[in-house]
Amino acid sequence: MSERRVGEPSGWGELRAQLREWRAAVDSRLPTPPRWLGGRWSRLLAAVLIVIGIVLPFAFSQDSGFIDATIKATALAVMALGLNIVVGFAGLLDLGYVAFYALGAYSLGWFGSDFFFKAHVHVLVSGVAAIESGIHLNFLLILVAAALICAIAGTIIGLPTLRLRGDYIAIVTLAFGEIIGEVAVNGTDIHIGGGMTLTAGNLGISAVDSPYFPGIGRFNLLQLRPWYWLILGILFLVLFVNLRLRDSRLGRAWIALREDEVAAVSMGIPLVKTKLQAYAIGAAFGGMSGAFIGTYFTTVNAGQFQFGFSVLILSMIIIGGLGSIWGAVLGGLLLGYINYWLLPDVLNNAPSKIGLNFQLTSVQFGIYGFLLVLVMILRPQGLIPERRRKLEMTAEIGAQDAELGEPMATQTSGVAS
Amino acid sequence: MALLRTYIGRWGLIAMLAALPVFYLVRDLTHGYQAGFLHGHPVIQHDLSRIGLNVVQGLSNGAIWSLIAIGYTLVYGIIELINFAHGDVFMIGSFVAVGLWGTFGLGLSTGAAGIIGGLLLTLIVTMAVTGSLNVLIERVAYRPLRNAPKLAPLITAVGFSFILQNVGLLWRGGSPQSVNDLVHQGNTVFNISGVPIERGYLLALATMIPLVFALGWFISKTRLGRAMRATAQDPEAARLMGINVNQTISLTFLLGGMLAGAAGLVYALYQTNIWYFQGFKAGLIAFTAAVMGGIGNIRGAVLGGLIIGVIQSFSDNRLSGGEWTEAVVFGYLILIMVLRPRGLIGEETREAG
């Protein structure tokens, strides 16, 4: 009673003391990060990494295969950051993320090529793109368009999952991803007037515009450095937004929903809005990266949009550590390099050297599947675990919970409930 | 309000599922359809035999989906996990079966008795292999994660699905392979008012029905079946009652895998071509079927499988040649999730609320 304040009903002091006790108990159970990761050192490390990132292409030639792989890997890391918002922060397992890759890439195909040949729209473009028929927007405008289209699509995909939890969300998003893939393949049958179709199917929309910036000029694939800095810029932007989001009111709301939906809602978190924002923002990043990949690959082909891609991105954030931003970047770059450099360039013919008759690239998804299983069993919290996740995923804590009488695995997170 | 939603949900779902068949039924009767050519002129008929054919084809397709869907439903019922790798276990079943034909020397020239005996033997061995494979997957990929958040085993399931697909890819290459039409599945056995019933249809249904009844008997009448039901209801209480929960879960995976193996053999005989990717699509379709019937419910899985088969057959034969079938099936999946997540005859679960 000593803590009782003026105008406070009796008993509140005890309640507050009790709350403090719980809080201390929770804090004591959260693992403390290693010292080298905290404070000054982490900032120094980040600064060094950023500088290395920026000057990296000078160490290689303009058309180096390694830089090519780095560009693709970075684009995938951006996707991983987007998916990390949905799966890692909000705990909504999305198995149809390829939908946003597709929509982002098609945004580029639609607004940055002569595919809609009846239209004549040119905004801030130069060269052939300024003369050709079709819609030609500046790449930055396409990025915005891709983000907007994907955000809307993400919201639409999110809507039917609002009442659902757990695995059902995974299946609905997977179904959406497959439907969008099917629409991409069969889009040649969808006529939108004037002899134009929605997509070019497996033939692909090719000869898409390369990015053009006044003062820098048009990008071309013989000089990879500008591409590299462009995607690095996108990565930094997305990374910055991610970091700010995580510590924002919205980010904490996502984590609360993930940890315990019922409790979060009863604390006044708007369920529908919060979940849909996760879908929309996550999708928007995927769309931006998709648009970049579209222009970098110079084609938007329905064959690119397979379920395997969703699993590839999911593997990245799992391997990196679910919910961990740096984990997503690391996982994205790691699997990106494995996918675009290690398997095709370095190890592709390894099986033939030991007398086996196949190429590693043909079984790449089997390799990712194996990695998924391995990581989930050996190190479920990922390479750079998020503090809270680590707690959830490690077995000792589960045992502690069992001792406390409440198995955490059954009461945590939207996904886990 | 909730009650209202319940009824609207069920009837809405039924109306939705009936939409495609009913639409084409009315169309066949009113507009007629072209049944063939007679002296160079198209023959237009106004009867139900084309609809009948669609339905029969659909049911026999659906029999295969049912067998796979039961595997999903059993596993989901007992550990609430979508066993993503299940479709690929089915694919491995097809591959093993076709491999065994080679081992047993079954070919187009084998006599009827040899074919029947050989196929029965193939069925048994295939079921044993896929059942053990499923148990192995559970042991390696799901059991260590029993206490982890539910996301974890789902992810390893996806991982195993890809591993199995690539095993299939290395085994038989990346493109569909046609296999010997051992039973001459296209031969018409008899006609029901103008609808030819082919051997393939009979084979699929004749495999599915006894297996489903055997499973039903096993689960409702035997001691192990009772242990399965108890574990599905409440694993904790079941353990307290002296049931070996881990063993029961393994048994569930064994049964699911065996049915997937049977489905794999029937699929190879009926479709006469196999490829490594068949399991992914079949798995999604069968999962849709399981959800449609009400996940955790065996009768529901069978019903859902048959319904999905019919819808698929209408979509394949009537809607621009099958290229939209997948989208139609997944569209239904999403609609079910929105309208009635617990399916046609399922009970309310926490997940599907």
Some residue of the range A:147-170 being closer than 18 Å to B:GLU326 by Cα, crowded, with 20+ Cβ neighbours inside 10 Å and either in contact (Cβ under 8 Å) with a residue 40 or more places away in the chain or not hydroxyl-bearing (Ser, Thr, Tyr) (or both): yes
The range A:46-77, residues that are charged (D, E, K, R), in a helix (DSSP H, G or I) and out of contact with any helix residue (DSSP H, G or I) (no Cβ under 7 Å at 6 or more places or on another chain): A:ASP68
Condition check for B:MET258: farther than 28 Å from B:VAL96 by Cα and buried (at least 22 other Cβ atoms within 10 Å of the Cβ): no
Filter result (touching a His at 6+ places or on another chain (Cβ under 8 Å), hydrophobic (A, V, I, L, M, F, W, C) and either surrounded by 15 or more Cβ atoms within 10 Å (Cβ to Cβ) or not in a helix (DSSP H, G or I) (or both)) within the range A:123-134: A:VAL123, A:VAL125, A:ALA129
Subset of the range B:183-204 [of a type outside the set (Val, Ile, Thr) and either touching a Gly at 6+ places or on another chain (Cβ under 8 Å) or within 14 Å of another protein chain (Cβ to nearest Cβ) (or both)]: B:GLN185, B:GLY186, B:SER193, B:GLY194, B:GLU198, B:ARG199, B:GLY200
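Conditions (1) surrounded by 21 or more Cβ atoms within 10 Å (Cβ to Cβ); (2) facing another protein chain (nearest Cβ under 9 Å); (3) modelled with pLDDT of 80 or more, marked per residue:
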position: B:ILE307; (1), (2), (3): yes, no, yes
position: B:ASP316; (1), (2), (3): no, no, yes
position: B:TRP324; (1), (2), (3): no, yes, yes
position: B:PHE330; (1), (2), (3): yes, yes, yes
position: B:ILE336; (1), (2), (3): yes, no, yes
position: B:LEU339; (1), (2), (3): no, no, no
position: B:GLU347; (1), (2), (3): no, no, no
position: B:ARG350; (1), (2), (3): no, yes, no
position: B:GLY353; (1), (2), (3): no, yes, no
Selected residue [within 15 Å of the chain's Cα centre (by Cα), of a type outside the set (Asp, Glu) and within 13 Å of another protein chain (Cβ to nearest Cβ)] from A:MET288, A:MET316: A:MET316
Matching residues, the range B:126-153, being in a helix (DSSP H, G or I), under 15 Å from A:PRO380 (Cβ atoms) and either in contact with a Leu (Cβ under 9 Å, 6 or more places away or on another chain) or at the interface with chain A (Cβ under 7 Å from one of its Cβ atoms) (or both): B:ALA141, B:TYR142, B:PRO144, B:LEU145, B:LEU151, B:ALA152, B:PRO153
Qualifying residue in the range A:336-344 (condition: crowded, with 20+ Cβ neighbours inside 10 Å, within 13 Å of another protein chain (Cβ to nearest Cβ), under 24 Å from A:LEU103 (Cα atoms) and modelled with pLDDT of 90 or more): no
Breaking point among (1) under 10 Å from the mean Cα position of the chain (by Cα); (2) outside the structural domain of B:VAL338 (by TED's automatic domain parsing), for B:GLN271: (1)
Qualifying residues in the range A:346-368 (those that are within 11 Å of chain B (Cβ to nearest Cβ) and loosely packed, with under 12 Cβ neighbours inside 10 Å) - the one modelled with the highest pLDDT: A:LEU356
Selection status of B:LEU169, under 20 Å from B:LEU284 (Cα atoms), surrounded by fewer than 24 Cβ atoms within 10 Å (Cβ to Cβ) and either in contact with a Leu (Cβ under 7 Å, 6 or more places away or on another chain) or at the interface with chain A (Cβ under 9 Å from one of its Cβ atoms) (or both): yes
Set B:ILE124, B:ILE192, B:ILE163, B:ILE137: member being buried (at least 16 other Cβ atoms within 10 Å of the Cβ), among the hydrophobic types (A, V, I, L, M, F, W, C) and more than 24 Å from B:PRO235 (Cα to Cα): B:ILE163
Only one of B:THR207, B:THR156, B:THR231 that is within 10 Å of another protein chain (Cβ to nearest Cβ), within 28 Å of B:PHE84 (Cβ to Cβ) and either in contact with a Ser or Thr (Cβ under 9 Å, 6 or more places away or on another chain) or crowded, with 19+ Cβ neighbours inside 10 Å (or both): B:THR156
Residues that are more than 14 Å from every other protein chain (Cβ to nearest Cβ) and of a type in the set (D, E, K, R), drawn from the range B:172-182: B:ASP181
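Residue by residue through the range A:139-170, note down the ones that are at the interface with chain B (Cβ under 10 Å from one of its Cβ atoms) and hydroxyl-bearing (Ser, Thr, Tyr).
Result: A:THR161, A:TYR168.
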Some residue of the range A:261-271 being in contact with a Cys (Cβ under 9 Å, 6 or more places away or on another chain) and on the phi < 0 side of the Ramachandran plot: no
Some residue of the range B:278-290 being over 30 Å from B:LEU170 (Cα atoms), touching a Leu at 6+ places or on another chain (Cβ under 7 Å), in a helix (DSSP H, G or I) and among the β-branched types (Val, Ile, Thr): no
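If you take the residues of the range B:177-194 that are assigned to a strand (DSSP E or B) and of a type outside the set (Val, Ile, Thr), which of them is nearest to B:ALA113 (Cα to Cα)?
B:PHE190
The values are calculated or read from the model by the stated rules, or taken from the named source; none is laboratory data. If you're wondering where the values come from, they're calculated on a predicted model, not measured in any experiment. Positions of Cβ are backbone-derived with ideal geometry, glycine not excepted, and every protein chain shown enters the neighbour counts.
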